[in-house]
Amino acid sequence: MNLVIKAAGAARHMLLAGSILAAGGLAASAAAQTTTDEAATRFGARESVIDISLSPSGNKIVFVAAGPEHTEVVNVIDFSGDAAIKPVLSNSEKIGDIDWCQWASDTRLLCQVSGMAGGDGGILIPFDRLVAIDADGSNVKLISQRESSRALGFNQFGGDVLALDVADEAGMILMTRNFIPEQTTGSRLGNERDGLGVELVDTANARRRMREAPDNATQRYVADEQGRVRIKVQADTGPNGTLTGKFSYFYRKPDSNSWLPLGPITIDGATIEGMIPRAVDSARNVAIGFVTKGGYDAVAEVTLDGTNTGKVVMARGDVDVDSLIRIGRRNRVVGASYATEKRQIAYFDPALAKLAADLGKALPEQPLVNIVGASADEQKLLLIASSDTQSGMVYLFDRQARSLEPLLPLRPRLDGVAMGQMRPVSYPAADGTMIPAYLTLPPGSDGKGLPAIVLPHGGPSARDEWGFDWLVQYFTAKGYAVLQPNYRGSSGYGEAWYGRNGFKAWETAIGDVNDAGRWLVREGIARPDKLAIVGWSYGGYAALQSQVLDPALFKAVVAIAPVSDLGYLTEDAQAYTNSRLVRDFVGTGPHVEAGSPRRQAARFAAPVALFHGTRDLNVDVRHSQGMAKALEAAGKSVIYREYKDLQHALDDSTVRTSMLADIGAFLETSMADK
């Protein structure tokens, strides 16, 4: 390939490494003052690169870095200048976050800020807004529509960006807008429009022009790479306005403004129920999205010419093809992704496929390589390379010069820290079903007679994958073997594996989780008196519910933001439009009582540690509050840490550091040799 990898010791990259430690590593320094657990300090620090984008010229980079505690800092690097990191925007609001920034033009940035309103016993209300800012930090404009004092409701969402450089005008974006009716009494200026529309917005001055009239039934629009709205998605609602989970899809022909139904669809000669469109390729006049083939998610394309016919372009018979890969300013689809034992990317473009393969071979230890940004001409690419033992490095690749430069480490405080290797394994469940999992051993360990942790993933509609995991690596740094089971009820393995989901069929899912612990002991990897279970979200639920099935198996239980009562899940959703979907997902019947660890506290034998934020919309904080009270009332051992104003992910470096230190001490005390 004749690829030249430039040394990280070049002057400007030494500057980058030092600056990022200053900009993004302060949280870990603050945390170090509150704990003597060095591993907690290192692994608790959030990423120094949360999001990153390459300018149209390829000469500038903007990235969002985690600052001290919960803060975020937006930084710009101009490689045509001094290549110094220059902070241009920051956020210290605990209930809000800067999620991402991208280049609206070579001089103008577009950033999304999100947050969680409400709380303190009231209804939690998520919201987001778009702001534009010059690359030097000046001329800040709110791009989302400003709130009106006459509005008859609160506009939660500030709009989604559908296309950049619309009509080849730099800084012009196509974005959605949620129109809220206004009080019109005594005024001729009140807006009566209602629903989701589309506007063309100039990011320099926030001036806007209507492109798509608002429709209160429409939930999503899809534009092609030319910036033309080609698909709309309408959500079916019940009589009380709650979502039913059913959707209708409509499309436009290239030369028409009329909407036509996208369906019924014929794929490879067979009629299917429907397709979930995600993108439109205007050059080929096709919609690209997901269908079900043989019980697995697959990628298909349908011609938008009135025939509603198409073909499957990527499918597998063992796992779901679950992601589209896009690059460039036009956000064009260039491939799809799936996870077997490791995440794989299959590029539709042979040149990109060869490039990705060559890059993977050229880098040390052949890590996973993801394209995360591109210049307008796609001659310069931003890449992130990572693996199970590498937390990630951002590279700039120049296709013309065939040069690859390391720019920014994602977690600089982990530089030089030995990591445990993550390897795929499988183990038998009680009924003989082989359960896929990942086993990570402490660096240098022989894998025998270790303290060990079963770490079930959240969801339950999710799965664990091979790659870097800060929680796993913290535990291996502390000497624990870690097993991550993809229990039945996980997604990614097709409809049959998913089954009735991990709540309705909790006995199967939790049985698989407990069998993971038994396998560790049977194989001699884990000492039976030093076997613990740790989980976050549904994983926290699994950790708690494991005690209900077998109180003697695990000697310590750690649950972060866990579900503790299936009835709570249904009740907590009643104020939201997805209440019916949550009720159907959780189900009704005897499994709600039996599957709620809060109601089974008397069965617990192991000590429990609980951790939860107070603005958690995924799982309300009352789940941990109620679990702690139930355990205390039953005379069981429990500690509880509550974090004010933090959401489900606990995105605060000081909090994460403190939590890891508390978990480390709790596990050591709970499983100390008697």
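The values are calculated or read from the model by the stated rules, or taken from the named source; none is laboratory data. Not measured: the values here are computed from a predicted model. Here the Cβ positions follow ideal geometry from the backbone for every residue, glycine too, while neighbour counts run over all protein chains shown. Only protein heavy atoms, including side chains, enter the accessible area calculation; ligands, DNA and RNA are left aside. Shrake-Rupley method; radii C 1.70, N 1.55, O 1.52, S 1.80 Å.
Key figures
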item	result
Dipole of the range 315-383, positive direction: furthest Cα of Pro367, Ala351, Leu381, with charges on the beta-carbon	Leu381
Size of charge dipole - the range 406-513 - debye, nearest 20, with Cβ of Lys, Arg +1 and Asp, Glu -1, no other charges	180
Protein accessible area in the chain, 1.4 Å probe - carbon and sulfur %	49
In Hz, Karplus ³J(HN,Hα) per residue of the range 507-517 (6.51, -1.76, 1.60; θ = phi - 60°; x = Gly, Pro)	4, 5, 4, 6, x, 5, 5, 5, 5, 4, x
Contact order normalised by residue count of the chain, Cα under 8 Å, 6+ apart, percent	11
Accessible surface ranking that places the most exposed of Lys246, Lys253 first, with a 1.4 angstrom probe	Lys246, Lys253
Charge dipole (debye, nearest 20) of the chain; +1 at Cβ of Lys and Arg, -1 at Cβ of Asp and Glu	200
Fraction of beta bridges assigned by DSSP in the range 393-529 that are antiparallel (%, nearest 5)	75
Residues of type lysines that Lys246 reaches as a straight line, Cα spacing below 16 Å, ignoring anything fewer than 8 places off in the same chain	Lys232
0 to 90° range, to nearest 10: angle between helix 350-362 axis and the chain longest Cα axis	40
Nonlocal amide H pairs with Leu407, under 5 Å, H built at 1.01 Å	Val394, Tyr395, Leu396
Antiparallel bridge percentage (DSSP; both residues within the range 437-506; nearest 5)	50
Calculated from backbone phi, Karplus (6.51, -1.76, 1.60) coupling profile of the range 40-49 in Hz, x at Gly/Pro	4, 4, 6, 7, x, 5, 5, 4, 7, 10
Signed unit charges on C-beta, dipole axis of the range 389-529, positive-most listed residue Phe475, Asn486, Pro424	Phe475
C-alpha long axis of helix 653-670 to longest principal axis of the chain, angle in °	20
Whichever lysines have a C-alpha closer than 21 Å to that of Lys380, once near sequence neighbours (fewer than 8 apart) are set aside	Lys6, Lys60, Lys354, Lys361
Dipole in debye (nearest 20) - the range 66-113, about Cα centre, beta carbon charges: Lys, Arg +1; Asp, Glu -1	80
All lysines inside 22 Å of Lys629 as judged from Cα atoms, apart from same-chain residues fewer than 8 positions distant	Lys555, Lys644
Under-5 Å amide H pairs with Gln219, H placed in peptide plane, nonlocal only	Val233, Gln234, Ala235
From the C-alpha gyration tensor of the chain, square roots of 5λ in Å	39, 31, 27
Cα-derived Rg to Rh of the range 423-465, Kirkwood definition	1.00
Tilt relative to the chain, helix 11-24 - C-alpha long axis, 0 to 90 degrees, to 10	70
Considering only the chain, percent of DSSP beta bridges that pair antiparallel, nearest 5	80
Column: log10 I(q)/I(0), Debye, Cα scatterers of the range 243-392, q = 0.11, 0.14 Å⁻¹	-0.51, -0.78
The chain - accessible surface per residue (Å², probe 1.4 Å)	41
Derived scalar couplings ³J(HN,Hα) [the range 101-109; Karplus, 6.51 cos²θ - 1.76 cosθ + 1.60; whole Hz; x for Gly, Pro]	9, 9, 8, 6, 8, 6, 10, 10, 9
For Ile435, residues with placed amide H under 5 Å, excluding near neighbours	Tyr427, Ala429
